[in-house]
Amino acid sequence: MKDRSRRSPRCPHFWMAATFIVLVTLMPAATYGVGGEIEREPFDDVPSDHESFDAFAALYVLGIFTGYGDGTMGPADPLSRQEYARVAAAAVDAGDLARKLAEERPDFQDSEHISDWAFGWVRAAVEMDLIDGYPDGEFKPHADISFSEAVTMLLRVTGYAEHVGDAANWPDAQLETASQIGLIDEIPHDMGEAISRSTMAQLVYSALQINPPDTATGRPDPDGSPMIEKYRTEGRVDESRLADRVLLLGAGSLEEVRGHELQMLKTPENDIGLIQMTEEEEADAPTGECDRGAVQYYEKEMTVDDGTGTAQVVQVNLSDPDLTVAAAMSHDRLGDAESFSDMVDRENALAAINANYFHSEGNLEPIGTVASDGEVHLMEGGQVNVGFTEDNDVFFNEKAPLVRGKLKDAGGEEIATWSAWMVNALHADENTMAIFTPHRGESVEIEAEGKAFIIRDGIIRDNVVTPGKVDIPADGMIIFCGAEITGESGEHIYDRFSIGRRVTLSYSFSGAPDEAARFWHESQEIITAGPRLLRSGRTDVAIHAASEEDRRGGSRRRSALGVSDDELFLVSVKSATYSELARVMKGLGAVDAISLDGGASSALYHDGEIKVTPGRELSTILLVR
């Protein structure tokens, strides 16, 4: 049997190893565990002697900042404006307001660039006057938050903004006030530079420990209580819930705990618990030894939460060397849609299911990453990336994908490193770097100000000032660098991209180089969807899943993909919530599973017959041939 646990398991942080100031004292990590000692740091990339450890631990317990959800916090990574809006809103316990406001896009000129998950948080932060847009009407959601911007928002969070002397003298007046109240003491910074997550954690942790302002003096009120104490007395901090969550796993070792890697809500009223299967469901679950042939279709009636429904299933034996799993795009290009029947006919599919979410009422672009035959057609942030190898092994990865680049002189000496978070995605702005390849087409219209560099044979051959149309070389690529990206000394990054210099690229994931190397080296076909439903046999309905259900009405037509040993499950159900879909997948025998696009996009095909007909043309499908 093949090992499906391809991701390096990450710790879900159910324990902490710190004593928090007026927050809570937890057991040391080396002595706290389930079924034995756990001799492991709580965060994979923030050891207990890290300068920001206490800050990360406190924000984690409060649910203000939980990192990448896989045991890493990314201390050296920057933080975007939309991510920081979420942090600021969570710091003032605005989760309920964010959920109420999550149905509509924030009102900015560039609102189409704001990620779906951030709608509610950005709107809540704006409504509570924690963050503003820019004078040109844009929010710039993907721009890195600067130290000055972060401090200004925290003055609003703590109530000190109205006590800034000359508020119009930004940011000097704000930084002076922050210094006077002890907000930025001993926190290294450059007021114009983008802050790291480590600096963010220290700033927010510092803000939580500052007493509220005295209305008369504008200085910390000695009789007041800091926000962190308020949260403690209100019960927002409850380390026992973290321990209970580990116990629910029933794990007997560190590796079992790390393998399950549950995501969770931190507030008691919104806690998402484990969904346990009934004895009847366990008895009904396939053993994995059933002989249905290489690609079989069947329908299974299942009972979930006292409701009965039918799951339509295509089960594929991945150990069959004659079968290949592949991703396919409409008309083999981006920005298009095609009928499901035409796609499966053109691809000579034995079985197929709808794949990525896409902009069905806009530019028809898929959301996330799409790769086929070992070539990346599209790459941008998404929920869960699923990769298939030539041997039909399956990888799952939930980190943000990126391209790591190096700039070298003609002699091969490294000049600079950089990262691009998009490949062939159309929403690059002045604060991003992006790559465009021939899979985008013969040319691309870049609306943002910056420079596009023409690359052939790994060498910069020319550059084009944008906005405007840029031709994409058939034997190369374009690297776009936004005009707002600057180096430490304030110079434009694109000034370093001189003609004749060399460029090297590698695909990766944020904060996980080893994991990324295997995923990108071995995966030939990649799609992105989500949320994650099952992880190592345990139900794992993440936070954003609950939010999505609230926004879209909960129960609806859904599609899912799951794997177990050598079996691939392509599944469609007529009506289910994400939680119910997770139980369906577990009942079928899947060990790892994700939700795919659903609703009118739901589609399922087997051996010449469309079993589920979609209500629209599709952008991408996953197929077996």
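Too long at a 28 Å Cα-Cα cut-off: which of Lys406/Lys451; Lys399/Lys586; Lys100/Lys611; Lys140/Lys399; Lys100/Lys300?
Over 28 Å Cα-Cα: Lys100/Lys611; Lys100/Lys300.
Need one value: the accessible area of Arg616 in square angstrom, 1.4 angstrom probe, rounded to the nearest 10.
Answer for Arg616: close to 80 Å² accessible.
Based on the Cβ-Cβ distance of Val464 and Ser498, what FRET efficiency does E = 1/(1 + (r/R0)^6) give at R0 = 22 Å, to the nearest 0.05?
0.90
Evaluate the Kirkwood expression for the hydrodynamic radius of the range 126-172, namely the inverse of the mean inverse distance over all pairs of different C-alpha atoms, and round to one decimal in Å.
11.6 Å
Which value results when the Cα radius of gyration for the range 332-381 is divided by 2.2 N^0.38 Å?
Against the compact-globule rule of thumb, the ratio is 1.18.
Given H placed on each backbone N at 1.01 Å, which residues far from Gly368 in sequence or on other chains put an amide H within less than 5 Å of it?
For Gly368, whose amide H was placed from the backbone, the distant partners under 5 Å are Glu380.
How much accessible area does Arg518 have with a 1.4 Å probe, in Å² rounded to the nearest 10?
100 Å²
Rank these residues by their accessible area, most exposed first, probe 1.4 Å: Ile459, Ile499, Ile478.
Putting Ile459, Ile499, Ile478 in descending order of accessible area: Ile499, Ile459, Ile478.
Mind checking the range 160-190 for GluC sites (Glu not before Pro) that DSSP puts in a loop (not H, G, I, E or B) and that have at most 11 other Cβ atoms within 10 Å?
Answer in residue order: Glu186.
Residue separation times 0.36 nm, minus the C-alpha to C-alpha distance between Lys574 and Ser506: what's the value?
20.4 nm
Would you kindly state how much longer the chain becomes between His331 and Thr215 on full extension, computed as 0.36 nm times their sequence separation minus their alpha carbon distance, in nm to one decimal?
35.3 nm
May I ask for the equivalent-ellipsoid semi-axes of the range 416-529, computed as the square root of five times each C-alpha gyration tensor eigenvalue and listed largest first in whole Å?
After scaling each eigenvalue by five and taking roots: 23, 17, 15 Å.
What number does the range 75-149 give for Rg over Rh if you use C-alpha atoms and the Kirkwood radius?
So for the range 75-149, dividing Rg by the Kirkwood Rh gives 0.94.
Run the simple label-point estimate for Asp49 and Glu162 please: 7 Å along Cα→C-beta, distance reported in nm.
4.7 nm
Could you give the length gained by full extension between Glu445 and Glu301, i.e. 0.36 nm per residue of separation minus their alpha carbon distance, to one decimal place?
46.9 nm
Please calculate the 1.4 Å probe accessible area of Leu402, with all protein chains present, and give it to the nearest 10 Å².
Near enough 0 Å² of accessible area.
Quick check: from the Cα gyration tensor, does the range 46-116 come out rounded (a/c under 1.5), prolate or oblate?
Prolate.
Take every Cα-Cα pair in the range 137-205 and report what % of them are more than 14 Å apart.
Roughly 56 percent, rounded to a whole number.
Could you sort Phe108, Phe56 by their accessible area in this structure, using a 1.4 Å probe and putting the largest first?
My answer, sorted largest first, is Phe108, Phe56.
The values are calculated or read from the model by the stated rules, or taken from the named source; none is laboratory data. Computed from a predicted structure; not experimentally measured. Heads up, the Cβs are rebuilt from the backbone with ideal geometry, glycines too, and the neighbour counts pull from every protein chain shown. Please note that ligands, DNA and RNA were not included when accessible areas were found on the heavy atoms of the full protein model with its side chains. Shrake-Rupley method; radii C 1.70, N 1.55, O 1.52, S 1.80 Å.
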